[in-house]
Amino acid sequence: AKAWSLLNMPEMGRAELETADALCKRAAGLDPTDAEVWATWTHVNTWLVHHNFDRSNARYEAAADCAARAIRLDPQGYEARLAQACYWARGLRQVRATIVEETRKLLRQLLEEKPDEPRALSALGYSLLKRAPIMKPEGHELLARLAKNPEFAALAWMDIGWEHRFRGEFAKAEEVADKSIAAKPYWNNLGLKIALALEWRGDPGLALATLQRMPPAALQEDFGVGFANWVYEWAGKQGERLAFLNGVPKEWLNSQMYIGPRAYLIGRTRLALGQKEAGKRELRRALELIEQRLGLQPNDPVLLVLKAQTLHFLGERPEAEKATAEVVAEAEA
């Protein structure tokens, strides 16, 4: 119950999930045969993966293991089946078409049993929108239905808003983002508002004002660092950008906003401030980190592009052209 009080918070972030994780661990120690404990723990692990807080192999395996245990202990239990479906919807590293269809089938069954179950509405609505090349009416309708529940309105409108944004439907995305923020402002809907302020309205002032509403803890997460870096750069506030990045404890960042070493961002910022030598030192450090990762993932397109960009800003033109050719060759392969 304590874990679910945290999981049902729309602003749920790393702190809430780590607390819920500890609660589930204690509960499993007290009674390892309780299927609902493992079902709840499945949701915790799934959200940690989904929100990019922990995408380690161990966390993916924990999500799969908890879902399997819940089903094994109570194959027909509602919570066990819901946990399995939500794990399939948000927690898989690789998604196959057969799993997508099985997920939706199971979630529809669960909604037949409990028509207004908010967690099932959320998962099915998300699944229908996320995997579709166009906005599916059923997914939109399910999330709009969920939005009538005050506790889940912010989450429901946020999911719809991001899908509109991914499709370039910016006016619709902004309308829905404002509904989500009106229900409850939190890091994910504020991030959507920032993206729209920059990408659609071209208004760095609005983006900066929205960034200032972000919780401090969110700005230490990878997505928050990505948003802050983006806003300060577009607003031309390179000094603030440098100060912010210097305060970030992580050496490597991984989010939809940016994947790569913090040193690359700091190097670019120092170059923009006219600090040429200091900027190049950071970029060389960034190049070392990129090369280390390429040693493990030699064909990773994100790393190859980042390598080419880093060499470009270091002024190493022949090497940058060679790295760019590798990117093109990989894309054509």
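Taking the criterion of being closer than 12 Å to Val37 by Cα and surrounded by 18 or more Cβ atoms within 10 Å (Cβ to Cβ), the residues of the range 67-86 that qualify are Ala67, Arg69, Ala70, Ile71, Asp74, Glu79, Ala80, Ala83. Filtering the range 215-234 to residues that are assigned to a helix (DSSP H, G or I), crowded, with 19+ Cβ neighbours inside 10 Å and not hydrophobic (A, V, I, L, M, F, W, C) leaves Asp222, Gly224, Gly226, Asn229, Tyr232.
Inspection of the range 278-299 finds a residue satisfying the criterion of being open to solvent by 60 Å² or more (accessible area, probe 1.4 Å), at pLDDT 95 or above and in contact with a Ser or Thr (Cβ under 9 Å, 6 or more places away or on another chain).
So, in the range 247-261, exactly how many residues are open to solvent by less than 20 Å² (accessible area, probe 1.4 Å), free of Cβ contacts under 8 Å to residues at least 60 places away in the same chain and either in contact with a Phe, Trp or Tyr (Cβ under 6 Å, 6 or more places away or on another chain) or not in a strand (DSSP E or B) (or both)? Spell out the reasoning first.
Here is the first cut: in the range 247-261, the residues open to solvent by less than 20 Å² (accessible area, probe 1.4 Å) are 248, 253, 255, 260-261.
The next check asks that each one be free of Cβ contacts under 8 Å to residues at least 60 places away in the same chain; those that pass are 248, 253, 260-261.
Then keep just the ones that are either in contact with a Phe, Trp or Tyr (Cβ under 6 Å, 6 or more places away or on another chain) or not in a strand (DSSP E or B) (or both); that gives 248, 261.
Number satisfying all stated conditions: 2.
Restricted to the range 1-101, the set of helices (runs of 4 or more DSSP H) holding at least 2 residues that are touching a Phe, Trp or Tyr at 6+ places or on another chain (Cβ under 6 Å) comprises 14-30, 35-50, 57-73.
Scanning the range 300-329 for residues that are touching a Leu at 6+ places or on another chain (Cβ under 6 Å) and in a helix (DSSP H, G or I), we see that the one that is surrounded by the most Cβ atoms within 10 Å (Cβ to Cβ) is Thr310. Restricting attention to the range 87-111, the residues being open to solvent by 70 Å² or more (accessible area, probe 1.4 Å) and among the aromatic types (Phe, Trp, Tyr) number 0.
Among the residues of the range 235-246, what is the count of those that are surrounded by fewer than 18 Cβ atoms within 10 Å (Cβ to Cβ), among the hydrophobic types (A, V, I, L, M, F, W, C) and part of a helix (DSSP H, G or I)? Can you show your working first?
At the first step, the residues of the range 235-246 found to be surrounded by fewer than 18 Cβ atoms within 10 Å (Cβ to Cβ) are 235-237, 239-240, 243, 246.
Next, from what is left, pick out any that are among the hydrophobic types (A, V, I, L, M, F, W, C): 235, 243.
Those left that are additionally part of a helix (DSSP H, G or I): 243.
Number satisfying all stated conditions: 1.
Looking only at the range 93-107, residues that are under 20 Å from the mean Cα position of the chain (by Cα) and touching a residue at least 24 places away in the same chain (Cβ under 8 Å) come to 3 in all. When you check Leu111 against the structure, is it farther than 25 Å from Ile259 by Cα and part of a helix (DSSP H, G or I), yes or no? Yes, satisfied.
Any residue at all in the range 258-271 that is under 18 Å from Trp230 (Cα atoms) and over 26 Å from the mean Cα position of the chain (by Cα)?
In the first step, residues of the range 258-271 are kept if they are under 18 Å from Trp230 (Cα atoms); the result is 258-271.
From what is left, the residues that are over 26 Å from the mean Cα position of the chain (by Cα) are 270-271.
Checked the range 258-271: at least one residue is under 18 Å from Trp230 (Cα atoms) and over 26 Å from the mean Cα position of the chain (by Cα).
Taking the range 5-40 as the search range and keeping residues that are under 21 Å from the mean Cα position of the chain (by Cα) and open to solvent by 40 Å² or more (accessible area, probe 1.4 Å), which one is nearest to Lys184 (Cα to Cα)? Show your work before the answer.
Filtering the range 5-40 down to residues under 21 Å from the mean Cα position of the chain (by Cα) leaves 6-21, 40.
Then drop every residue that is not open to solvent by 40 Å² or more (accessible area, probe 1.4 Å), which leaves 8-9, 11, 14-16, 18-19.
Values: Asn8: 13, Met9: 10, Glu11: 8, Arg14: 18, Ala15: 18, Glu16: 17, Glu18: 22, Thr19: 22 Å.
Looking at residues that are under 21 Å from the mean Cα position of the chain (by Cα) and open to solvent by 40 Å² or more (accessible area, probe 1.4 Å), I get Glu11.
Name the residue, out of Glu199, Glu163, Glu169, that is closer than 22 Å to Phe244 by Cβ, at pLDDT below 95, of a type outside the set (Gly, Ala, Ser) and within 21 Å of the chain's Cα centre (by Cα).
Details: Glu163 fails: closer than 22 Å to Phe244 by Cβ; Glu169 fails: closer than 22 Å to Phe244 by Cβ.
Among Glu199, Glu163, Glu169, only Glu199 is closer than 22 Å to Phe244 by Cβ, at pLDDT below 95, of a type outside the set (Gly, Ala, Ser) and within 21 Å of the chain's Cα centre (by Cα).
The values are calculated or read from the model by the stated rules, or taken from the named source; none is laboratory data. Bear in mind that the values here come from a model prediction, so they are computed numbers and not experimental data. Neighbour counts run over all protein chains shown; Cβ positions are idealised from the backbone, glycine included. The accessibility values were calculated without ligands, DNA or RNA, using every heavy atom of the protein model including side chains. Shrake-Rupley method; radii C 1.70, N 1.55, O 1.52, S 1.80 Å.
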